[in-house]
Amino acid sequence: MAYLGLDRTVLWALRGLSRIFVRPTVFPEDARARLGGTAAPVLYVLGERSLSDFLAVEQACMQLGARRPSKKLVLGKLTLERSLVGLERRSGVLRRRPDRRVPPPLAAAVAAAVADPSLEFQVVPVAVYWGRAPQRERSWFNLALAENWALVGPFRRLLSILLNGRATIIRFGDPKPVRDLLGTEADAVRAVRRLLRLMRAEHQHLRLDTIGPNLSPRGAIVAQVLRTRAVRQAARQLQREKNLTRREALRTARGFVIEIAADYSHPFVRLMFRLLTWLWTRLYDGVEVRNAEHLDRLPAGCEIVYAPCHRSHVDYLLLSYVIYARGYAIPYIAAGINLNLPVIGRYLRKGGAFFIRRSFRGASMYPIVFMKYVDVMLNRGHPIEFFIEGGRSRTGRLLEPKTGMLSMTMRSFLRDPRRPVVYVPVYFGYDRLVEARTYIGELSGRPKEKESIGGLLRALPALRQRFGRVQVSFGQPLVLGDTLERVRPGWRAEGYDDEARPSWFGEAVDAVADQIMVRINGAACATATNLLAFTLLATPRQAMLEGDLVRQLDLYRALLADVPYGPDVSVETLDGAAMIRHGETMGLLERRSHPLGDVLRMNEENSVLMTYYRNNVIQLFAMPSLVACAFLNNAQVRTEDIHRLAWRIYPYARQELFLRWGEDEVRAVVDQVLQALEKNRLLERTADDKVWRRPATGTVEAVQLSVLAQGTVQMIERYYLAIAILLKAGPDALTPDGLEQRCVTMAQRMALLYGLAAPEFFDKAMFRAFIDLLRRRGVVTTAAGGRLAYGDALLAVAADAQVVLSDQIRHSILQVTHS
């Protein structure tokens with residue numbers, strides 16, 4: 001009954017002593033379900049035969065209610081004293097010499113499985129990390145306290161337990177049937193070697209996921225970048241262009257790398273984790289993490305690239321915090337050079353930030369140096385993070401993707417596709433933004449304030465407020481190799497080098513960028529703030545009777561359940577009345593008492609800001625709202641007309657909102673929406689299923705349907721405005737830029753005349769994207785001189801828009817354009 005020469009009584013005493021100093025955190029979070037989901041015997045496999053690791057795993061299994069490693073393992077006629085083995089052990093006086101011979105218990109278990117084909121048991125790799133500090137090369141003290149025990153002794157292990165015991169992480173791998181691991185191997189010796197090789201690879205993957213690769217000093221990374229062939233060639237080119245010496249050219253390159261490079265410090269990260277835990281508790285009512293199981297299911301040994309949306313400067317800290325709290329290595333973050341402020345920039349580098357210029361113009365060497373730095377970090381196995389929108393969205397909608405960083409990571413993968421690259425989309429949702437007032441000012445026309453120390457200090461008093469809840473939601477990961485295979489079947493057979501940019505590469509970049517954006521929106525969280533904003537901004541004066549507001553909020557929750565946007569979307573659990581109380585607590589709603597029922601409204605400032613929160617989730621209601629728009633101006637509509645109208649508008653809505661369905665799926669989605677609206681009594685169909693009717697005017701259901709339609713009617717108004725301007729000007733009269741500028745001017749005029757508070761209504765980028773899509777779809781063409789021509793296709797789009805929009809709206813648009 002001994003383990004490492006100790007009997008059960010001593011082990012019992014050591015286990016009690018271990019509980020005093022060790023507080024392990026177990027990952028993944030569903031480890032209890034994974035380990036308890038099998039009735040077969042379980043054999044735990046540690047990376048090293050260690051008493052402290054054994055005691056930590058024993059403690060973790062007791063917490064999980066899983067089979068303990070101290071129990072005997074009965075495998076047919078074979079009985080092992082423990083249900084745990086270590087792959088390696090240390091020998092010698094100071095236990096420095098590794099012994100990698102096959103552990104006898106493992107050899108015996110494999111031999112029993114080979115001898116008896118009916119014998120089944122599960123093999124579970126498990127790793128213990130004391131403190132999570134990556135090993136820093138050539139640093140004896142960090143080596144003594146880190147998890148890589150290549151030179152570990154009893155004293156150092158004891159010291160690490162005392163210092164890091166309460167920061168211990170235990171990560172369980174997936175239980176694997178021994179038959180799957182051994183395959184068809186019939187020889188016991190070869191079978192155990194195969195299992196040993198697979199388990200060592202699994203432990204390497206667990207280590208990379210949890211603490212990342214070993215750290216090199218910043219200077220070593222700089223030197224590695226400077227040694228790359230591309231940087232050397234760029235230096236020689238700079239020599240010729242500016243008549244420099246070789247040393248001067250390399251010094252310029254070195255200056256670029258130093259400007260870019262991060263300087264990761266694990267002690268700083270641990271300190272910031274504790275500080276941010278205090279800060280989030282003070283600022284927010286909770287940090288809610290959604291769909292984090294996607295991280296646990298990533299392919300083994302993959303290169304992780306996080307691609308979040310960008311709402312706030314808090315995003316940088318929040319994502320790293322969540323990733324670290326879940327037991328994964330924090331990513332190296334591409335941050336704008338504007339954040340490289342005195343003092344602050346240095347600490348951001350210690351947290352993993354590396355800096356990128358907003359523009360690469362005027363420095364031919366800089367983009368090459370930056371690309372090779374990213375290449376080096378990816379090849380070393382460090383996770384990377386970049387904001388695919390480039391900058392923060394001021395409207396709450398996703399911006400058009402900026403594909404520079406994306407292109408670099410894809411080119412790096414093309415040069416060395418051995419490790420799969422996986423993009424992890426991330427959605428952020430805030431009940432209230434820290435930068436809310438700044439955004440209101442910028443949307444009202446005030447110039448963007450440059451980041452500075454003074455600006456940061458002026459923002460500190462705002463941190464005394466409460467900012468509600470914050471949502472961090474992980475979207476469906478995107479495996480790069482699979483997407484490339486769809487764009488270019490057989491791409492792996494082609495050769496790529498540093499200059500590789502095949503003809504199909506641009507199409508592949510656009511396809512990956514589009515899918516990342518779609519998956520970010522597909523991980524949205526419809527919170528009380530979002531639903532209140534979507535509801536009240538659809539009313540003329542941003543006000544509703546309390547009873548009507550409660551019913552509308554409950555309707556939206558029901559629609560998201562009946563027509564789920566996607567599996568990663570999360571929906572507010574509060575009912576309508578509780579959401580209203582939340583809005584009042586957050587200062588988003590004002591209550592006006594009245595004998596016939598209280599009125600709830602938003603003031604002017606909140607109305608502008610709430611467009612941001614509405615736009616966070618408008619994609620979730622896009623299809624129900626578009627269908628409802630068909631009934632704004634029509635008491636009844638034929639089913640085939642609803643399908644045609646949806647098909648006509650959907651391509652433009654999909655581009656603007658990054659909707660998840662292809663055009664071939666629209667018909668089925670519309671049918672599902674019609675059934676949900678019928679279930680909630682907002683529509684009814686005729687007996688022959690050919691016509692749909694809206695409720696009688698003045699009924700509660702008619703009001704609900706009308707409010708639902710208002711969610712996207714402004715988008716259709718914007719499309720009709722652009723078409724009306726083009727039709728009024730006539731063919732061959734306007735260039736794309738001229739049409740875009742005229743659209744913006746007319747939309748601003750409409751906003752002033754009719755009190756449209758949505759800033760995206762006159763957003764130049766929205767009109768530019770709409771005009772570009774009209775050209776790509778052949779609805780308009782470019783004639784001589786770059787002017788736009790059109791035919792019947794544009795007239796058909798205009799005719800369908802007239803069916804949807806009321807006479808009043810169409811007359812308002814035509815009045816503005818004609819004046």
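Each peptide in 44-50, 247-253 was scored by the mean count of other Cβ atoms within 10 Å over its residues; highest first, the order is 44-50, 247-253. Each residue of the stretch 216-226 was assigned a 3J(HN,Hα) from its phi angle through the Karplus expression (A = 6.51, B = -1.76, C = 1.60, θ = phi - 60°), giving 9, x, 4, x, 5, 5, 4, 5, 5, 5, 5 Hz with x at Gly and Pro. Only protein atoms count toward the accessible area here, which uses a 1.4 Å probe; on the chain, the carbon and sulfur part of that area reaches 53 percent. Our summary gives the stretch 203-358 a relative contact order of 32 percent, counting only alpha carbon pairs under 8 angstrom and 6 or more residues apart. State whether the stretch 319-427 is rounded, prolate or oblate according to the following rule on the C-alpha gyration tensor (a ≥ b ≥ c being the square roots of its eigenvalues): a/c under 1.5 gives rounded; otherwise a/b larger than b/c gives prolate, and the remaining case gives oblate. Verdict is rounded for the stretch 319-427. Compared with the dominant Cα axis of the chain, that is its longest principal axis, helix 8-21 is turned about 40°.
Order the following by accessible area, largest value first: 350, 77, 242, 728. Probe radius 1.4 Å; ligands, DNA and RNA are ignored.
Putting 350, 77, 242, 728 in descending order of accessible area: 77, 242, 728, 350.
Counting only protein heavy atoms and a 1.4 Å probe, the chain has 43 square angstrom of accessible area per residue. Histogrammed with a bin width of 10 Å, the alpha carbon distances of the chain distribute as 2, 11, 19, 21, 19, 14, 9, 4, 1, 0 percent, first bin at zero.
Normalise the Cα radius of gyration of the stretch 48-108 by 2.2 N^0.38 Å (N = residues in it) and let me know the number.
1.26
Please give me the summed charge of the neighbours of residue 285: other residues whose Cβ is under 9 Å from its Cβ, Lys and Arg +1, Asp and Glu -1. Counting the neighbours of residue 285, the net charge comes to +1. Counting only protein chain heavy atoms and rolling a 1.4 Å probe, the accessible areas of 647, 130, 278 rank, largest first, as 278, 647, 130.
DSSP bridge analysis restricted to the stretch 305-422 gives an antiparallel fraction near 0%, rounded to the nearest 5. From helices alone, the chain scores -16000 deg cm²/dmol at 222 nm; the rule is -39500 (n - 2.57) for each run of n ≥ 4 DSSP H residues, then divide by the residue total. Judged by the mean number of other Cβ atoms found within 10 Å, the most tightly packed of the peptides 319-326, 797-804, 714-721 leads the ranking 714-721, 319-326, 797-804.
Across the stretch 354-364, coupling constants 3J(HN,Hα) worked out from phi with the 6.51/-1.76/1.60 Karplus curve, θ = phi - 60°, read 10, 9, 10, 6, 5, 9, 9, 5, x, 9, 5 Hz, and Gly and Pro carry x. If you count Lys pairs in the chain whose Cα atoms are under 30 Å apart, skipping same-chain pairs closer than 8 places in sequence, the total is 17.
The values are calculated or read from the model by the stated rules, or taken from the named source; none is laboratory data. For clarity, every value in this text was computed on a predicted model and none was experimentally measured. No Cβ is skipped: glycine too gets one built from the backbone with ideal geometry, and neighbour counts run over all protein chains shown. Ligands, DNA and RNA are stripped out before the accessible areas are found, and what is left, the full protein with its side chains, is counted by its heavy atoms. Shrake-Rupley method; radii C 1.70, N 1.55, O 1.52, S 1.80 Å.
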